[in-house]
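Each remark here refers to the structure printed beneath this line.
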Amino acid sequence: MSDRELFAHSRSSAGVWHLLEEHLRGSASLARRFGEVFGCGELAGYLALIHDVGKGACVWQDRLRAVDRDGGGRVGVGHKHAGTFLAEKYTRLPFGAVVFGHHGGMPDMERLKDELVRAMAGGEEAQRVVEAIRAVEAVVPEIHPDPRPALPGWLGAPSGQGRLGLDLLVRMLFSCVVDADFLDTAAHFDGAAVRLREPVEMAALAERYESRRAKLLAVRGPSPVDAIRERVYEQACVAASGEPGMYVLHVPTGGAKTMAAGAFALRHAAANGMRRVVLAVPFISITEQNAAVYRDLLDPDASSNEEAVVLEHHSAVDLDSEDLLKGLTQEQRDELKARAHTARLAAENWDAPFVVTTTVRLFESLFSHKPSQMRRLHRLAGSVIVLDEVQALPDRLLIPILSVLRGLVDHFGATVVLASATQPSFWRLPAWEGLERRAIVDDPAQLFEELRRVDYEWRFGEEVTLEAIAAEAAAYEQVLTVVNTTTDAARFHRHLEGRVARGADMLHLSTRMTADHRREVIAGIKESLTRGWPVQVVSTSLIEAGVDLDFPRVYRAWAPAESMQQAAGRCNRDGHRHRGTVVIFQPSDGKQPRSKAYQAALNASEAHFGPGRSAPDELDALERYYPLRYALQQGTPDSGLGTEIEDLRRSLKFPEVDHRFQMIEDELSTPVVVIRREPDREPIESAIARLQDPDRPCGPEVLRSLQPHTANLPRGEAEAALRAGLATPITGDLLLWEGAYHAQRGLDPDAPEDRYAFNL
């Protein structure tokens, strides 16, 4: 090893040092490839080329050698300033945030300016900057580019989004650089070349999808609404030939929206040379079901050597959580923080043709400032983004969400599909003023009329309680009841006990059950309905979207109009009866989510829906409902928090945007791993041990293996469980449950068992 050589990383397990020249050029090549998708390959490549120039300083090189001699550890010397200085010199100041933040996260412009002053002020840091640049330019002279990297023409165009467009561009470039840096570094330590997935022929995937769908329909029982579903599917296939842009898939529940969305997305990608499909849904339960459907339609046969097509990515673990540290002992805090480092390595970069994720994961990544979350963002460029159940997007964040979606369509070659039976009036909001929308399905009003399959009944008054409705529902053989909280679901289930006829299943669904448990219950429900067996089900709203069930009678606790309509979609879904019955009831002892947006939605619903008013599936009433819902909020979507976040984006205050943008507002939940069955113990404990071992970096498959065994607790209960010794930290905010688990209700909030009961 020559002292004149510059290194980026210490020796791999094979004893090979990582030359700084190789790392910079290798990262630049990858970032250039990523950035070319949205016309910024040269700029992305240059920022990656200079991201580690600071490692050329003598003190950094000396410390790296010392760490290697000592058998490991941290270099402990900063290396961000030299590359940041070059980024500001040869591009523009905001792009310096890409270089400065490639490890810890992007700074705001005030901090970036302060750090650049340090880099040029003549002190120790400035000396290191000069020294590093001189050392690196000798082996990588292109760190001084001539001409300078080109900036996209739209950045200064009058039709662009101005500073909002710049914010999104910086984020996408940051994603390119972070992913390239990670991949090149990992390849060094693995002793292998960087492996990128070869582009998949989207037309071939579309053909596979069509062929397997035909086989699936051939073995499925006929339904009176099959002809309507086929018409929806055919219209989606025709619309797919259109140009990239903003599309609306407005289909009633039971209209086979999932199938139509997949067909449109794949055919549209094939027609326009697009790279992947990203399907985002509001609930993990829907990602589980939708991913299973799309795997059956798209993944290669088990005997094939092809890679899987469908990537399911919805880990609820917050790898950077600070909230759970409150109230813990210092020992617990240190343990939790130390374990988070290894789990961060499991962050996925969505290098797959078909990604199924959650809207929380998608948008909190888009508005983050952390490398672990933003690494995947460049994969959205040139992709079809399907937002399923789009009505579930939070009102208070609509303006930044709509703004960033518009930016992806206008400047990054994406297509966005808004899929729902209850389409919100987004085009009435300023963020989408003048934006063209393309309808995938013709005449939704006629479609809704054709698929009207239920009659509504209403129950209001003090005498209407959870217990009274349970007693009424118990008289029917096949009934679904949907309530608003996990607490109400558990209590309703208790009210059913002793009332349901012998031999009938009495089932419960909520996020207090593990994902695997929920899947088992849903499979049991489907079998009972198919065989005509008696079955009583109580569920939270998780059953309302993406869960294909068909009950003759449904009870729905009073809720916003879109939730009532979604619940009705589980009634007479396949049209085998002339009419199903949906009972909307307002329990005097029931609970509701407390957010302002939810309360505004309830008030707007009361103004338009109910006895003597409209049914929840009448489109004219829904068109009037959404504007009133927005107007009733203190801080409508075009003001308040959404506007504050947009102002922060214009000022490029990346950390503050991250802090303010929280998709889940009230009743924050914590993921909890449960060992529900003894045969599961060994693989679960093995996965936990991998996550907790800092000397054994693990891939995303480890966290993914725990997802089937994960339930959710309200944050307050999780903190109390930690204090009571009923849960222990794993990594981030992920916990291992040590208390009781009810065979039907999971983490039952009213369980009498001593091991669960604790003082909140």
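Derivation of every value follows stated rules applied to the coordinates shown; laboratory data play no part. Remember, it's a predicted structure, so these values are computed and weren't measured experimentally. We place every Cβ from the backbone using ideal geometry, glycine too, and count neighbours over all the protein chains shown.
A compact globular protein would have a Cα radius of gyration near 2.2 N^0.38 Å; the ratio found for the stretch 452-620 is 0.97. Using every pair of distinct Cα positions in the stretch 7-190, the Kirkwood expression returns a hydrodynamic radius of 16.7 angstrom. Charges were assigned to the Cβ only: +1 to each Lys and Arg, -1 to each Asp and Glu. The resulting dipole of the chain about its Cα centre is roughly 380 debye. Once the Cα atoms are used to define both axes, helix 81-90 deviates from the longest principal axis of the chain by about 90 degrees. Taking a sphere under 10 Å around the Cβ of residue 377 and counting the other residues whose Cβ falls inside, with K and R at +1 and D and E at -1, yields a net charge of +3. Annotation: amide H-H contacts under 5 Å for residue 454 (H modelled 1.01 Å from N, sequence separation of 5 or more, or interchain): 580.
Test of understanding: express the Cα radius of gyration of the stretch 431-548 as a ratio to 2.2 N^0.38 Å, with N the residue count.
Working: Rg = 18.1 Å, N = 118, 2.2 N^0.38 = 13.5 Å.
Output field value: 1.34.
Judged by the mean number of other Cβ atoms found within 10 Å, the most tightly packed of the peptides 554-560, 613-619 leads the ranking 554-560, 613-619.
What nm value, rounded to one decimal, do you get for the distance between residue 681 and residue 4 when each label is placed 7 Å out toward the C-beta? Those two pseudo-labels are separated by 6.3 nm.
Find the relative contact order for the stretch 73-129 and round it to a whole percent, using C-alpha pairs within less than 8 Å whose residues are 6+ positions apart. Mind showing how you got there, number by number?
Working: 49 pairs, mean separation 17.4, N = 57.
Value for the stretch 73-129: 31 percent.
The string of couplings for the stretch 445-462 from the Karplus curve (6.51, -1.76, 1.60, θ = phi - 60°) is 4, 5, 4, 4, 5, 5, 9, 6, 10, 9, 10, 9, 10, 10, 10, 9, x, 4 Hz, one whole number per residue in order, with x for Gly and Pro.
Placing +1 on the Cβ of every Lys and Arg and -1 on the Cβ of every Asp and Glu, with nothing else charged, gives the stretch 452-620 a dipole about its Cα centre of roughly 240 debye. Neighbours of residue 475, meaning other residues whose beta-carbon lies under 11 angstrom from its beta-carbon, give a summed charge of 0 when Lys and Arg score +1 and Asp and Glu score -1.
With the charge dipole of the chain set up from +1 on Lys and Arg Cβ and -1 on Asp and Glu Cβ about the Cα centre, the Cα lying farthest toward the positive end among the listed residues 744, 143, 390 is that of 143. Once both labels are positioned 7 Å from their Cα atoms along Cα-to-Cβ, the gap between residue 643 and residue 497 label points is 5.2 nm.
Given Cα pairs under 8 Å that are at least 6 residues apart, what percent is the relative contact order of the chain?
With pairs under 8 Å counted, the relative contact order is 14 percent.
Estimated at 0.36 nm per residue, the fully extended path between residue 660 and residue 523 surpasses their Cα-Cα distance by 45.4 nm.
Determine, from the Cβ-Cβ distance of residue 11 and residue 109 and an R0 of 35 Å, the FRET efficiency 1/(1 + (r/R0)^6), rounded to the nearest 0.05. Walk me through the numbers on the way to the answer.
Values: r = 38 Å, r/R0 = 1.09.
The pair residue 11/residue 109 has a calculated efficiency of 0.35.
The packing ranking, built from the mean of other Cβ atoms within 10 Å per residue, places the peptides 81-92, 578-589 in the order 81-92, 578-589, highest first.
In the chain, the DSSP-assigned H stretches of four residues or longer account for a calculated mean residue ellipticity at 222 nm of -14000 deg cm²/dmol, using -39500 (n - 2.57) per stretch and the full residue count as denominator.
Between residue 89 and residue 62, how high is the FRET efficiency from 1/(1 + (r/R0)^6) when r is the Cβ-Cβ distance and R₀ = 25 Å? Nearest 0.05.
Numbers: r = 27 Å, r/R0 = 1.06.
Efficiency, rounded to the nearest 0.05: 0.40.
For the stretch 366-498, the equivalent ellipsoid derived from the alpha-carbon gyration tensor has semi-axes of 40, 22, 14 Å in decreasing order. For the peptides 276-283, 4-11, 447-454, residues were scored by their other Cβ atoms within 10 Å and the scores averaged per peptide; the highest-first order is 276-283, 447-454, 4-11. The lysine pair tally for the chain, using Cα distances under 22 Å and a gap of 8 or more places or different chains, is 19.
Of all DSSP beta bridges in the chain, what percent run antiparallel (nearest 5)?
Numbers: 12 of 68 bridges.
About 20 percent, rounded to the nearest 5.
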